[in-house]
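Engineer: Right, I'll just put the structure down here and ask away after.
The values are calculated or read from the model by the stated rules, or taken from the named source; none is laboratory data. The model shown is predicted, which means the values in this text are computed figures rather than measured ones. Please note: Cβ atoms are built from the backbone with ideal geometry, for glycine as well, and neighbour counts cover all protein chains shown.
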Amino acid sequence: MRQQQGFSIIMAIFILVVLSLLGGYMVKLSGTQHATSVLTLQGARAYQAARAGIGWGMYQLIKNDSCVSSSTISPIAGFNGFSVIVSCDNQGVTYNDGDINNDGVIDANDNFYVYLITSKASYGGFTDDNYIYREIKVTTMK
């Protein structure tokens, strides 16, 4: 009978150690999952900020007849902390698509140009843990 006196205390300590390790793992997993969901949300916000930059660049090209080489539009309402850089590049090619005006005459007014609009949205610094970057490119004609 004396041989089995301390066995239950050893088993209780073993169970406590295993449960504490399992609890620590669950806390770490929960923290990682939370950080991943925050970064996913920020990534979606960066994508939408880049899309807003594309919209701004298209507006400048179509309405204001301006293809800016590079412009920073920050802050954008609803995207606090994001920096958006929009650039427009004339691809240097003139196309004539025939009779665009449907008047039977092909002239210089039927020419159009191809533009590349690039929007880069970023949040935080490159070495930060919460750094997010999205880039969108759109080719359009005018």
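Engineer: Quick one: Gly55 ticks every box in (1) without any contact (Cβ under 8 Å) to a residue 60 or more places away in the chain; (2) more than 19 Å from Ser122 (Cβ to Cβ) except a single one, so which number is it?
Structural biologist: Among (1) without any contact (Cβ under 8 Å) to a residue 60 or more places away in the chain; (2) more than 19 Å from Ser122 (Cβ to Cβ), the lone unmet condition for Gly55 is (2).
Engineer: Given the residues Val27, Val38, which is the only one that is at pLDDT below 90, of a type in the set (A, V, I, L, M), within 22 Å of Asp129 (Cα to Cα) and assigned to a helix (DSSP H, G or I)?
Structural biologist: Val38
Engineer: Any idea which residue in segment 62-88 is surrounded by the fewest Cβ atoms within 10 Å (Cβ to Cβ), counting only those that are assigned to a loop (DSSP other than H, G, I, E, B) and touching a helix residue (DSSP H, G or I) at 6+ places or on another chain (Cβ under 8 Å)?
Structural biologist: Ser66
Engineer: While we're here: With the condition kept exactly as written, say whether any residue in segment 78-90 is at pLDDT below 90 and over 14 Å from Ala121 (Cβ atoms).
Structural biologist: Yes: one or more hits.
Engineer: Another question, if that's okay. Would you check which residues across segment 61-75 are under 22 Å from the mean Cα position of the chain (by Cα) and of a type in the set (S, T, N, Q) and list them?
Structural biologist: Answer for segment 61-75, where residues must be under 22 Å from the mean Cα position of the chain (by Cα) and of a type in the set (S, T, N, Q): Ser69, Ser70, Ser71, Thr72, Ser74.
Engineer: Which of the residues that make up segment 110-135 are surrounded by fewer than 18 Cβ atoms within 10 Å (Cβ to Cβ), within 22 Å of Gln60 (Cβ to Cβ) and either more than 15 Å from the chain's Cα centre (by Cα) or at pLDDT below 95 (or both)?
Structural biologist: Matches in segment 110-135: Asn111, Phe112, Tyr113, Val114, Leu116.
Engineer: Can you say whether Arg51 is within 21 Å of the chain's Cα centre (by Cα), farther than 18 Å from Asn130 by Cβ, assigned to a helix (DSSP H, G or I) and of a type outside the set (A, V, I, L, M, F, W, C), as far as the supplied structure shows?
Structural biologist: For Arg51, the condition - within 21 Å of the chain's Cα centre (by Cα), farther than 18 Å from Asn130 by Cβ, assigned to a helix (DSSP H, G or I) and of a type outside the set (A, V, I, L, M, F, W, C) - is met.
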